[in-house]
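S.K.: Let me begin by handing over the structure; questions about it come next.
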């Protein structure tokens, strides 16, 4: 038994096939066998946990084939695997390719793929229309990738540690497209790839992917091929970049599906494909130096303009509170600054303001403390995070803290910069609302919903909002950041940028792509 060979089993709804599959395994070949259940709707996980010699894990939510496989590969690498064999416990792929595949690895290949159409392999039950379709697709792929792979679109693979260290596999899709993306990445790196005959048996309704799923997957492969061509021409996308640093997600406490997205000065932005949120690393030891006194209060005529602009446009927050709490109530404003929001509410509301311990505030009534350590003696009808949750390292921890502070039926309001909005993608690292390193979290709409659901809250409203206090300024400064990066400060076009910024925010709002979002959730 080779302690450096690990078998991985990405599993989903494999309860009926798992036991006979495991009985047929040549277990003596493997130093470890890892099964990751992708939140199956049957009892795959429970059955697997009872099996001896099986390391069993479960994804925190249904991630899809690619997400599951990334977790499998990460777990195998953590166990010191030099060779990782992928098999599916649904029994579609037989085990006759394992020993020949390991022989190919021993001869110098770093990536081995099964071939269903050659040698002694047997293929049964596949839809008839798939044979010519697969061969045509494989021919096109080989032509563009410069490879000679006999059967690209199949599921038996053997990976080496060298391959996985060389390619940026953590950035790959969470769906079935992962299987083709890693082949394109290997071809881009000129990785030695080998083929071995593999027998398959498709049965029942599944019989491989459906016609619709096959078309969607095929269109995705053409996108990957286009990115491959561009990468060869020097326009390298994230898919074909060098593997970045790895960091643990503060929400999921896992690094298996975390990819490095951006590098800005000495800071990096990572993105977790489990909770679908980003985070900044490293965290400065002294955050106070990044918050000048003018961050908290306004000075001079520019400060006065900011003050009246914010007070005017942020009346929307008062409207939301009054809509959900028409009879008033107790409000906790986390990250309140000088407490201006609380001052805007009428006498039916009682507001407690809380800020970071290092906040340089004039309002002495604001509580300056670590929210996670704070122990209030009351509960609240609403907890508000107005543009503050992104300043915190672990948003899930803060939501978990806020949940028991709510009265039954209480609300949590979150207004936040929408990472992965149109403006975020367009400006990339120049987007003002990244605000590195003050913004320790980079929140998406889907990601925030995941966090809200994890802590037991019910999401009532999720929307992008027209924010004329943050939106136009964010667009203008993001555009100026781009000009500055090439050594040009466009003073003459500053006025046109203001007009463009206002118009663009209104257009983006119509299409649900405003850079600012709102999520309202409720305690059950």
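S.K.: Among (1) surrounded by 22 or more Cβ atoms within 10 Å (Cβ to Cβ); (2) assigned to a helix (DSSP H, G or I), where does residue 162 come up short?
M.R.: Going through (1) surrounded by 22 or more Cβ atoms within 10 Å (Cβ to Cβ); (2) assigned to a helix (DSSP H, G or I) one by one, residue 162 breaks only (1).
S.K.: Run residue 243 past the list (1) without any contact (Cβ under 8 Å) to a residue 40 or more places away in the chain; (2) surrounded by fewer than 17 Cβ atoms within 10 Å (Cβ to Cβ); (3) under 18 Å from the mean Cα position of the chain (by Cα) and report the number of the one that doesn't hold.
M.R.: Unmet condition: (1).
S.K.: Which residue pairs have Cβ atoms closer than 6 Å, lie 6 or more positions apart in sequence or on different chains, and pair a first residue in segment 133-147 that is modelled with pLDDT under 90 with a second residue that is buried (at least 18 other Cβ atoms within 10 Å of the Cβ)?
M.R.: Qualifying pairs under 6 Å: 134/153.
Listed here are the residues, each with its yes/no results for (1) out of contact with any strand residue (DSSP E or B) (no Cβ under 7 Å at 6 or more places or on another chain); (2) crowded, with 16+ Cβ neighbours inside 10 Å; (3) assigned to a helix (DSSP H, G or I); (4) not assigned by TED's automatic domain parsing to the domain that holds residue 393.
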residue	(1), (2), (3), (4)
305	yes, no, yes, no
309	yes, no, yes, no
312	yes, no, yes, no
319	yes, no, yes, no
323	yes, no, yes, no
327	yes, no, no, no
330	no, yes, no, no
333	no, yes, no, no
342	no, yes, yes, no
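One line per residue, one yes/no per condition, for (1) touching a residue at least 40 places away in the same chain (Cβ under 8 Å); (2) under 23 Å from the mean Cα position of the chain (by Cα):
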residue	(1), (2)
55	no, no
65	yes, yes
82	yes, no
85	yes, no
88	yes, no
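S.K.: Taking the stated definitions as given, is residue 351 crowded, with 23+ Cβ neighbours inside 10 Å, part of a strand (DSSP E or B) and in contact with a strand residue (DSSP E or B) (Cβ under 8 Å, 6 or more places away or on another chain)?
M.R.: no
S.K.: Any chance segment 210-221 includes a residue that's at pLDDT below 95, assigned by TED's automatic domain parsing to the domain that holds residue 92, outside any helix (DSSP H, G or I) and surrounded by fewer than 19 Cβ atoms within 10 Å (Cβ to Cβ)?
M.R.: Yes: segment 210-221 contains one or more residues that are at pLDDT below 95, assigned by TED's automatic domain parsing to the domain that holds residue 92, outside any helix (DSSP H, G or I) and surrounded by fewer than 19 Cβ atoms within 10 Å (Cβ to Cβ).
S.K.: Could I ask something else about it? Exactly one condition in (1) buried (at least 19 other Cβ atoms within 10 Å of the Cβ); (2) under 22 Å from residue 158 (Cβ atoms); (3) at pLDDT below 95 is false for residue 84; which is it?
M.R.: With respect to (1) buried (at least 19 other Cβ atoms within 10 Å of the Cβ); (2) under 22 Å from residue 158 (Cβ atoms); (3) at pLDDT below 95, residue 84 is out only on (3).
S.K.: Tell me which residues, restricted to segment 1-34, are in contact with a helix residue (DSSP H, G or I) (Cβ under 8 Å, 6 or more places away or on another chain) and outside any strand (DSSP E or B).
M.R.: 1, 12, 13, 14, 15, 18, 19, 26, 29
S.K.: Given the condition at pLDDT below 95 and surrounded by fewer than 16 Cβ atoms within 10 Å (Cβ to Cβ), answer yes or no: does some residue in segment 224-231 qualify?
M.R.: no
S.K.: Same structure, new question: Taking residue 100, is it within 28 Å of the chain's Cα centre (by Cα) and in contact (Cβ under 8 Å) with a residue 40 or more places away in the chain?
M.R.: no
The values are calculated or read from the model by the stated rules, or taken from the named source; none is laboratory data. Quantities reported herein were computed from a predicted structural model and do not represent experimental measurements. Reconstructed Cβ throughout: ideal geometry from the backbone, glycine too, with neighbour counts over all protein chains shown.
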